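Read-outs: derived from the displayed coordinates by stated rules, not from any lab. Note that this is a predicted model, so its numbers are computed, not measured. Note that each Cβ is placed from the backbone with ideal geometry, even for glycine, and that neighbours are counted across all protein chains shown.
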Amino acid sequence: MYSIEIKNVSKSYPKDPEIQIVKNISLSIKHGSVFGFIGPNGAGKTSTIKMLVGLSHPTEGSIKIDNKSPDDPVLQKKLGFMPESPAFYQYLTGYEFLEFVASLFDIKDTDERIEKTLKEVDLLHAKDKRIRTYSKGMLQRLGLAQAIINNPDILFLDEPLDGLDPLGRAEIKKIILNLKSKGTTIFINTHILGDVEEICDTVSIIDKGEILVTGSPSVLSQGYKDLEDAFVTMIQNRRKERGDILIEGH
Amino acid sequence: MKHIITIAKNTLRETIRDRVLLSALFSSIVVILVTLFIGSISLDQSTRIIVNFSITAIYALQIFVAIFIGSMLIYKEIERKTFYLILPKPIHRGAIIIGKCLGLTATTILVTFFSTVVLLLVLFIKGETSYIGPILVSVFYSTLESILLILISLFFSSVTSPIMASVATIAFFFIGHASSIMQRIFMTTESVILREGMRVVYYTFPNLEKFNIRNEVVYGALPSLTITLTTIAYALVYAVFLLFITNAVFKKKDF
Ligand SMILES: Nc1ncnc2c1ncn2[C@@H]1O[C@H](COP(=O)(O)OP(=O)(O)OP(=O)(O)O)[C@@H](O)[C@H]1O
Ligand SMILES: [Mg+2]
């Protein structure tokens, strides 16, 4: 059974209608699995995840999540999304922000749920501080908190481990693995390959809007030193095929 | 409905925690107090002029909130990407627009309330109680106008930058105030194009002069109930129209 079905999706922005940021991608992601979308900077990861959560719309192709369109509020109720470097209302406290989010999700036991979520991301100590005083790592944790407060069935994470120290990374990874064990379908954008091997069941490598390959991390690394080697080699080979200029030494 | 109120409450909270709003409210109160003070030392100034000046100061405050705070409201969320956290939540985009509009209307009513109370209090102390009724009616009329301007600036702020949105809303504001006069002038012209062009302007732009009774009320000429009800209906129809087009634009927008 598939949770997320992406069929022949392309995206170009009105500024440059000629240039396709995402080129005819198709993906089927199984219910309860953890999927890693990996690619270099500017590959089109964020552009894809934005279409998956209904922030933008494909120029061509279709996206179905649990057989619904991404901007369907019925679906959105069981969906969580953490954007890259999430931005909040600076004038609110962490607690007030989660209260606001809880009310959009129609959560009943607001106080308990907020406390529980804040404890989970280890932010309880700062709940009454204004968000403008939060550090980068704290913002990242609050970003995760607002994405999991509704106990989502499907979770979209855009670079969730960015800006965290090794300790924080380990903690967030633990939360993600815990959600995975509870059967949550998770879609992660990342370029930190070490984490991918630990967390993901399946990964796709994307470069310049094209999916180069899809498979389990162990299968993809076969014939290479490791996943990172596979990643770099595949992308360079594809760029060579396309005739792009390569950086010397790689 | 609950979501609309959630957004409205948050918008109200956002704007009242904003220093710009407090300084605007403070300036308008200072203007009212200074006007009353100057009025009381120079005996040839009639209370009428003082009252007119004070309600104009309140009106200016309302217009300021509508145009400048209104045109920041949506844009800020797009620019800072706070919308990335709100739009994927189970809320209709239309509810966000209506909520923002209600929230900013609440803000306007709040600052109007404070500045009007100051004005009435001072007049009361001076024993000038006969103006209290007319002031309330006039402030009610200008509040209606500012709600329309909020909707106009929200529309522009969802399609363009705050500066462009403010400029466009200000243009709307001037055309809205001049359109009835302009139409009267151009009605007599020979040119069919000018005449018909003016007619189009007159019927597409809101006639904001309908909400200006500041000069009449100080002479004690209050509008009849029928006129007031027609004016409210006019504002309502126009507000629904503006909400409708803003929603249509916002619904399809990519972020
Ligand atoms: N709104 C937009 N208008 C025009 N071009 C855009 C827009 N958003 C993104 N792009 C372009 O699309 C390409 C892909 O960007 P995207 O943010 O999806 O990459 P990414 O894979 O998430 O990269 P990173 O790892 O750096 O986050 C980039 O070349 C970017 O300049
Ligand atoms: Mg990105």
Legend entry - chain B: mean projected area of Cα convex hull, nm²: 16.1 nm²
Inset, instruction - Please work out the Cα center distance from the stretch A:152-166 to the stretch A:197-231, rounded to the nearest Å. - result: 19 Å
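So what is the orientation-averaged projected area of the stretch B:54-104, using the convex hull of its C-alpha atoms, in nm²?
Taking the Cα atoms of the stretch B:54-104, their convex hull projects to 3.9 nm² on average.
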Legend entry - the stretch A:42-163, relative contact order in percent, only Cα pairs under 8 angstrom and at least six apart counted: 35 percent
Inset, instruction - Starting from the Cα of residue B:76, draw a straight line to each of the lysines and keep only those under 16 Å, dropping any in the same chain fewer than 8 residues away. - result: B:100, B:253
Legend entry - Extent along principal axes [Cα atoms of the stretch A:94-236; Å; largest to smallest]: 52, 29, 26
Legend entry - Inter-centroid distance (Cα atoms) of the stretch A:59-103 relative to the stretch B:111-167, Å: 36 Å
Legend entry - Loop sites in the stretch B:104-193: GluC sites (Glu not before Pro), DSSP, at most 10 other Cβ within 10 Å: B:190
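For the protein assembly as shown, give the magnitude of the charge dipole about the Cα centre (Cβ charges: +1 Lys/Arg, -1 Asp/Glu; no others), in debye to the nearest 20.
Values: 53 positive and 48 negative charges, 144 e Å.
My answer is approximately 680 debye.
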Legend entry - residue A:213 long-range amide H proximity, modeled H, under 5 Å: A:205
Legend entry - 10 °C / 1.306 mPa s Stokes-Einstein diffusion coefficient of the stretch A:85-151, Kirkwood radius on C-alpha pairs, µm²/s: 138 µm²/s
Legend entry - Listed pairs A:174/B:81; A:78/A:173; A:11/A:108 exceeding 30 Å between Cα atoms: A:11/A:108
Inset, instruction - Mind checking A:52-64 for the average number of partner chain beta-carbons within 10 Å of each residue's beta-carbon? - result: 2
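Could you work out the mean count of beta carbons from other protein chains within 10 Å of each residue's beta carbon in A:85-95?
Details: counts 2, 4, 8, 4, 10, 4, 7, 4, 0, 0, 0.
Mean shielding by partner chains, rounded to a whole number: 4.
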Legend entry - MRE, 222 nm, helices only [DSSP H, n ≥ 4, -39500 (n - 2.57), over chain B, to nearest 500]: -27000 deg cm²/dmol
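Stick to Cα atoms and the Kirkwood definition of Rh, then tell me Rg/Rh for chain A. Intermediate results must be reported in sequence, preceding the final value.
Values: Rg = 18.6 Å, Rh = 19.0 Å.
Rg/Rh for chain A comes to 0.98.
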Inset, instruction - Go through the stretch B:92-97 residue by residue and turn each phi into a ³J(HN,Hα) via Karplus (6.51, -1.76, 1.60, θ = phi - 60°); whole Hz please, and just put x for glycine and proline. - result: 6, 4, x, 5, 5, 5
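Note down the relative contact order for the stretch A:147-250 as a percent, whole number, built from C-alpha pairs under 8 angstrom at least six residues apart. Could you put the intermediate results ahead of the total?
Details: 87 pairs, mean separation 19.2, N = 104.
Computed value for the stretch A:147-250: 18 percent relative contact order.
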Inset, instruction - Apply the Karplus parameterisation 6.51 cos²θ - 1.76 cosθ + 1.60, with θ equal to phi minus 60°, to every residue of the stretch B:26-35 and state each ³J(HN,Hα) to the nearest whole Hz, in sequence, with x for glycine and proline. - result: 4, 4, 5, 5, 4, 4, 4, 5, 5, 4
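Expressed as a rounded percentage, what relative contact order does chain A have, with Cα pairs under 8 Å and six or more residues apart?
Numbers: 439 pairs, mean separation 61.0, N = 250.
This gives 24 percent for chain A.
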Legend entry - Amide proton proximity set for residue A:80, modelled H, under 5 Å, gap of 5+: A:154, A:155, A:156
Legend entry - Helix axis angle, B:2-16 relative to chain B longest principal axis, alpha carbon, degrees: 60 degrees
Inset, instruction - Select from B:154, B:102, B:236 the residue whose mean-square fluctuation is largest in a Gaussian network model of chain B (Cα-Cα springs shorter than 10 Å). - result: B:236
Inset, instruction - Mind pulling the angle between the C-alpha long axis of helix B:47-64 and the longest principal axis of chain B? Nearest 10 degrees, somewhere in 0 to 90. - result: 10 degrees
Legend entry - Net charge dipole size for chain A [Lys, Arg +1 and Asp, Glu -1 on Cβ; Debye, nearest 20]: 220 debye
Legend entry - 3J(HN,Hα) from dihedral phi, the stretch A:144-149, Karplus parametrisation 6.51/-1.76/1.60, rounded to Hz, x for glycine, proline: 5, 4, 5, 8, 10, 5
Legend entry - Euclidean distance of C-alpha centroids, the stretch A:104-127 and the stretch B:202-221, integer Å: 51 Å
Legend entry - Cα shape, the protein assembly as shown, gyration tensor, a/c 1.5 rule: prolate
